[in-house]
Structures are given as C-alpha cells and as structure tokens.
Amino acid sequence: RAKNSGKGRVAVFDRSMHADVVARMEMENQFRRALDAEAFDLKYQPIVSIKNACVQGMEVLMRWKNEHGQWVSPGDFIPMAEEIGLIDRVGEWVLEHSMTMFAEMMARLPSDACKGLYMGVNTSRRQLSNPHFMQRLENIFAKTGFERSRLRLEINESYDPRHGDQALHTMLELHEAGVGLQIDDFGKRQTSLSCFKDYPIEAVKIDRNFIASIATDHSHAVITQAIVQLAHHLSAEIVAEGVESKAQLDLLRSWGCDSAQGYYFSQPLTGERMFQLLADPMQCDGIRQLRQKTHTP
Ligand code: C2E
Ligand code: MG
Ligand code: MG
Ligand code: MG
C-alpha cells in the first residue's frame, strides 16, 4: 500500500509539474510576442524631496498585460526576461521610451519645474554585464535628446560590486559619462553599505518592506536611522520607497531622510498624469501638506 500511494504521489507530482512547465512556456511565448509588438506600458511614480516638498524625480515602472487581459507583475516577468535572455532588449525598450517621454515633458514644462528633476530607471545587473551597454545607452541619448545628467540607473541591492568585472567596468563608465547610479531595495538582503563605499553611488533607496514597519517596529526604526546616517557619511542621498502614511513620513523627516516615494504621495502615473503633477504639484495632497509643514518655522 505504501508503495502504491508513493507511486500515486509521483504521478500527481508529474502532472502538476507538467502543468507548470506548460504555463511557463505559454507565458514566455506571450512575452516574446509582446516584445515584438512593443505591447508594454510605462508608469511614472513621483519622488518627493522631504526637505523642500518639490518633486525631485520619478521612477519608471514597466507594465505588461498578457493576452488574457491580466496584468502580470514585473516581479514575475523581469526575472523571466533575464532567464530567457531578453532583458537587454526589454531594458533598451524601457530606456528609449521613458527618455523620449521625459524629454517631451521637459520641453512642455516651465524651467523651474524641471530644476534638478531626474528619472530613475530600473536596471538589471545582467544589462550592466553586457559590454555593449554603454554604447547602446549613448545611442539612445543621441536619438532622444535626453540630458544624461538626469538619468539615474537603479541597481538592485543584490548587485555586489565585488563580483562581476564587466558590470563594475560599466558602472565606472556610466559614472565617467555623468550618469547617476543608485542602489535599489536596500535592506532587503544582508548587504552592507560598505560594499559600495568605493563605487560612485548617487543615492540609496531603502526597501519598502522595511519602511512599512518603521512606525511600529522599534528595531526597524533604529536600523533605518542608521542607514540614513551611513549613506550621508558616504555622501549618498537617501530615498525611502513605499511610504504610505504620514506617521512614516514624519519619522523619516525627523531622521534627515532626503526624499520619499510611495502611495502617500502618489501611485505610479501615466506620462500625461505625471506631466500634470509636475505642472501643478499642489494637486497632490501629500505635497500640499508637506509644504505647509516645511514653510512653517
Ligand atoms: P522597485 O524598483 O523597488 O519599484 C518599487 C515598487 O514598489 C513598484 O512595484 C511600485 O509600484 C511599488 N510601490 C511604490 N509605492 C508603493 C507603496 O506606497 N506601497 C506599496 N505596497 N508598493 C509601492 P512594481 O511596479 O510592481 O515593480 C516591482 C519591481 O519590478 C520593481 O521594484 C523593480 O525591481 C522591477 N521593475 C519594474 N519595472 C522594471 C523595469 O523597467 N526594468 C527592470 N529591470 N525592473 C523593473
Ligand atoms: Mg526601483
Ligand atoms: Mg526599490
Ligand atoms: Mg522594493
């Protein structure tokens, strides 16, 4: 009997494995077709300075709706694109389209709304490991007229500069070329900021899972304060991601955190809505409230 149920389990396991493989292949095929058809969207989420309540930048976030009309999370399709060797093409598509949109927006905005404004683009370490990355980026700058000093590539914390010579080489080239680099999702893994001390990092973004509990978990509050101080010692700016409440924002502000991104200010927006927000930041409740605070002595 034991043998039979054992066999049965194996058969069930095989069937569900098979279903997983088929579903995965189907997702890969749909993704390839979407890439050929350029059937993706981009959203832009504002990053607000906690110091002066201005929109300081925006992060580009990719969106994909599959052929069944369901949104697939980039947390699922980005790792897949890396595995099946499509991340370079996907990354170039995102860079070219977001830079085109940004350059158009700049042209339509009064210059004081654009002062220091930057765009953060998520970049996988596999892209940096491609020796042609820099040249392709140069081509996109030339094609779109995007000002390179406004670009900040967000590199996942899992990227450790001590590994991967080509990626490190690319990072130094980017820095030489005047492109900013920032560490994304800091605090998600057990990485130490000292790993990055010899690398040209513009900013560190604290992971949103961490920010989620700073108002309720004392140890997370203490660690976040320490990260802010350490980043400042390394002359890096500090950005909190996933800020959803006033309590979180008030704490971050009291600790000297530079800027914040999250639903408290805004969801990721279409390019047009992002433009409207830049043209009139006071339409955003979070910015309006922060301005009252920063302008009251
Ligand atoms: P990320 O770079 O850490 O992006 C921030 C994520 O937090 C986004 O999820 C955003 O929608 C979400 N978020 C922003 N504010 C809040 C908030 O207040 N609360 C909560 N709960 N979430 C918030 P999204 O868009 O699902 O993206 C997930 C991840 O996928 C990104 O994490 C990034 O690592 C990756 N990704 C997205 N677009 C691209 C891309 O174009 N290229 C690459 N390589 N990766 C991308
Ligand atoms: Mg990011
Ligand atoms: Mg992040
Ligand atoms: Mg994150």
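Numbers at a glance
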item	result
Among residues of the range 227-262, those that are within 16 Å of ligand 1 (Cβ to nearest atom) and within 23 Å of Q292 (Cβ to Cβ), counted	17
Condition check for S235: part of a loop (DSSP other than H, G, I, E, B), on the phi > 0 side of the Ramachandran plot and either over 19 Å from the mean Cα position of the chain (by Cα) or β-branched (V, I, T) (or both)	yes
Positions within the range 152-188 being at pLDDT below 90 and assigned to a loop (DSSP other than H, G, I, E, B), in sequence order	E157, S158, Y159, D160, P161, R162, H163, G164, G187, K188
Options T123, T191, T144; residue that is β-branched (V, I, T) and out of contact with any strand residue (DSSP E or B) (no Cβ under 9 Å at 6 or more places or on another chain)	T144
Hits in the range 43-55 - residues which are more than 16 Å from ligand 3 (Cβ to nearest atom) and either aliphatic (A, V, I, L, M) or assigned to a strand (DSSP E or B) (or both)	S49, I50, A53, V55
The range 238-265, subset under 20 Å from the mean Cα position of the chain (by Cα) and among the charged types (D, E, K, R), residue farthest from R208 (Cα to Cα)	D258
Flag if S235 is over 23 Å from Q45 (Cβ atoms) and either hydroxyl-bearing (S, T, Y) or surrounded by fewer than 17 Cβ atoms within 10 Å (Cβ to Cβ) (or both)	yes
Some residue of the range 79-91 being touching a Leu at 6+ places or on another chain (Cβ under 9 Å), modelled with pLDDT of 95 or more and not in a helix (DSSP H, G or I)	yes
Answer residue from the range 56-71, given it is surrounded by fewer than 18 Cβ atoms within 10 Å (Cβ to Cβ) and either among the small types (G, A, S) or more than 15 Å from the chain's Cα centre (by Cα) (or both) and is nearest to ligand 1 (Cβ to nearest atom) among those	W71
Only one of L278, L251 that is more than 25 Å from L117 (Cβ to Cβ) and either out of contact with any Leu (no Cβ under 6 Å at 6 or more places or on another chain) or away from ligand 3 (no atom under 16 Å from the Cβ) (or both)	L251
Search result, residues across the range 189-226 that are assigned to a helix (DSSP H, G or I), surrounded by 13 or more Cβ atoms within 10 Å (Cβ to Cβ), more than 16 Å from ligand 1 (Cβ to nearest atom) and not aromatic (F, W, Y)	L193, C195, A221, I223, Q225
Options F102, F146: the member that is modelled with pLDDT of 95 or more and in a loop (DSSP other than H, G, I, E, B)	F146
Test: residue in the range 252-260 that is in contact with a helix residue (DSSP H, G or I) (Cβ under 9 Å, 6 or more places away or on another chain) and within 13 Å of ligand 2 (Cβ to nearest atom)	no
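Residues are listed down the side, and each one gets a yes or a no for (1) more than 26 Å from R148 (Cα to Cα); (2) more than 16 Å from ligand 3 (Cβ to nearest atom); (3) in contact with a Pro (Cβ under 8 Å, 6 or more places away or on another chain):
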{"site": "A212", "(1), (2), (3)": "yes, no, no"}
{"site": "A215", "(1), (2), (3)": "yes, yes, no"}
{"site": "T224", "(1), (2), (3)": "yes, no, no"}
{"site": "A236", "(1), (2), (3)": "no, no, no"}
{"site": "G242", "(1), (2), (3)": "yes, no, no"}
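The values are calculated or read from the model by the stated rules, or taken from the named source; none is laboratory data. Computed from a predicted structure; not experimentally measured. A quick note on method: Cβ atoms are made from the backbone with ideal geometry, for glycine too, and the neighbour counts reach across all protein chains shown.
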